[in-house]
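These notes are about the structure you will find just below.
The values are calculated or read from the model by the stated rules, or taken from the named source; none is laboratory data. All values reported here derive from a predicted model rather than from experimental measurement. All Cβ positions, even for glycine, are placed from backbone atoms using ideal geometry, and neighbour counts span all protein chains on display.
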Amino acid sequence: MSLIVEKFGGTSVGTVERINAVADKLILKHSRGEKLVVVVSAMSGETNRLISLANAISDKPSAREMDVLVSTGEQVTIALLSMALHRRGNDARSYTGGQVSIRTDNVHSRARILDIDGERILSDLDKGRIVVVAGFQGVDGQGNITTLGRGGSDTTAVAVAAAIKADECRIYTDVDGIYTTDPRVVPEAKRLDSITAEEMLELASLGAKVLQTRSVEFAGKYKVPLRVLSSFEDGPGTLITYEEEDTSMEAPLISGIAFQRDEAKLTIRGIPDHPGVAHQVLGPISDAHINVDVIIQNASAKGLTDLTFTVPRADYQACLELLERLVEELGARDVKGDDKIAKVSIVGVGMRSHTGVANKMFKTLADKDINIQMISTSEIKVSVIIDDSKLELAVQSLHETFDLDS
Ligand code: ASP
Ligand code: MG
């Protein structure tokens, strides 16, 4: 008998009809002999509604009470889904995070799971019950309610699957899997049958909308067999794997293309180059809680160097002002910026065993007359910064060059 954890996101349980539809499917699978643990999110829109209630009461709601509040969304869903299962003849049981001992640290609103006691869940399963667990929530060492960050129900599902050693963890969502790129930009984008957890993490901008990043990290750590599927249509979805890379000749070089608009680039020029410069420039940026992404420091000439880096476009003005103040402090020449840039990344474990992948990317962009402003690489990813207006063209031509269309 297989042991399965299934997770349904907010849209999948967004109405009474959808909760009933989920219950129908669960009963069917249960009757075919699957032991089922179901993790659910709050009904769609509910978490946001709760957050806006809090903001209407206070402009600085306490983090502890915020978690008490937002965790109620999931509690509603577990009860409703259990009732729907009762009507269909299963003696289902709902549990909040605390009731099945999902123990976390005490960092409210982004707590990390420390451990889960699977005993209660397993003993219910043995009695033929479908077990319904609230996603997104846990309790800290003092019994305070904590939550795991937006999208955290995915992590609950993976953690429960790891704790009870499930055969598979299935995440049902409103898309039918992970795609080679965003189909809105490339209509030929294809659903991937499988992708490695590593690639999935690097494809954050594609994957993050589908799975909470932390859930993939968690799955990787415990090697939880994880599958993303549509809750509205039947299909195999995308399986997240942990195998060694496929070194066969036909193995794809690239698994996907991720991109990010809404980036901005800043350069501080002519900084006297001595130990500590990068720290002096980037320290104040990080103190302002601005996330720096790609960083390049030029080889220095005549004791002066330039430092270029990218930040989210929303932080561009703040960053520019910060750097202008720094120019005087550090005796640098000036600051230049561009807030109309985008980042395009190709990702694939195939890069480890094949050479020339980056060059193929650069040639494709050159052929389309797209200027590369910055380059950064990791073991399985090459990212370039280009002009915002060339983003679509870049993604489409790379998708074709790397045979992702076929
Ligand atoms: N309900 C929470 C949220 O909206 C958790 C989740 O859906 O995974 O972020
Ligand atoms: Mg989600």
| field | Residue in region 376-385 that is on the phi > 0 side of the Ramachandran plot and at pLDDT below 95 present | value | no
Screening Ala92, Ala42 for residues that are within 16 Å of ligand 2 (Cβ to nearest atom), hydrophobic (A, V, I, L, M, F, W, C) and surrounded by 22 or more Cβ atoms within 10 Å (Cβ to Cβ) leaves only Ala42
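Looking only at strands (runs of 3 or more DSSP E) that fall completely inside region 286-401, which ones have 1 or more residues that are in contact (Cβ under 8 Å) with a residue 40 or more places away in the chain and over 21 Å from Asp273 (Cβ atoms)?
Working: elements: 295-297, 304-312, 334-347, 374-378, 381-387.
The strands (runs of 3 or more DSSP E) meeting that bar are 304-312, 334-347, 374-378, 381-387.
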(1) touching a Gly at 6+ places or on another chain (Cβ under 8 Å); (2) within 15 Å of ligand 1 (Cβ to nearest atom); (3) not hydrophobic (A, V, I, L, M, F, W, C) all hold for His108 apart from (1)
Filter result for Met1 (at pLDDT below 95, more than 16 Å from ligand 2 (Cβ to nearest atom) and either among the basic types (Lys, Arg) or within 26 Å of Arg120 (Cβ to Cβ) (or both)): yes
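If I filter region 33-46 for residues that are over 19 Å from Arg129 (Cβ atoms) and in a helix (DSSP H, G or I), do I get at least one hit?
As a first pass, look at region 33-46 and keep what is over 19 Å from Arg129 (Cβ atoms): 41-46.
With the extra rule that they be in a helix (DSSP H, G or I), the set shrinks to 46.
The answer is yes, given that some residue of region 33-46 is over 19 Å from Arg129 (Cβ atoms) and in a helix (DSSP H, G or I).
Within region 1-30, work out how many residues are exposed (fewer than 14 other Cβ atoms within 10 Å of the Cβ) and either touching a residue at least 12 places away in the same chain (Cβ under 8 Å) or farther than 25 Å from Val224 by Cβ (or both). So that I can check it myself, show each step before the final result.
Of all residues in region 1-30, those exposed (fewer than 14 other Cβ atoms within 10 Å of the Cβ) come to 1-2, 15-17, 24, 28.
Subset that is either touching a residue at least 12 places away in the same chain (Cβ under 8 Å) or farther than 25 Å from Val224 by Cβ (or both): 1-2, 15-17, 24.
Total meeting the criteria: 6.
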Checklist entry - Is it true that some residue in region 108-122 is among the polar types (S, T, N, Q) and surrounded by fewer than 17 Cβ atoms within 10 Å (Cβ to Cβ)? => result yes
Looking across region 170-180 at residues that are assigned to a loop (DSSP other than H, G, I, E, B) and in contact (Cβ under 8 Å) with a residue 60 or more places away in the chain, the single one that is nearest to the chain's Cα centre (by Cα) is Ile178
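When you scan region 144-169, how many residues do you find that are part of a helix (DSSP H, G or I) and either of a type in the set (S, T, N, Q) or within 14 Å of ligand 2 (Cβ to nearest atom) (or both)? Walk me through it before giving the result.
First, pick out the residues of region 144-169 that are part of a helix (DSSP H, G or I): 153-163.
From the residues that got through so far, the ones that are either of a type in the set (S, T, N, Q) or within 14 Å of ligand 2 (Cβ to nearest atom) (or both) too are 153-158.
Of the residues in region 144-169, 6 are part of a helix (DSSP H, G or I) and either of a type in the set (S, T, N, Q) or within 14 Å of ligand 2 (Cβ to nearest atom) (or both).
Report, by residue number, each residue of region 139-166 that is in contact with a Ser or Thr (Cβ under 6 Å, 6 or more places away or on another chain), aliphatic (A, V, I, L, M) and more than 8 Å from ligand 1 (Cβ to nearest atom). Lay out the reasoning, then the answer.
From region 139-166, those in contact with a Ser or Thr (Cβ under 6 Å, 6 or more places away or on another chain) are 140, 145-148, 153-155, 158; that's our starting set.
Right, trim to aliphatic (A, V, I, L, M) and you get 145, 148, 158.
Matches in region 139-166: Ile145, Val158.
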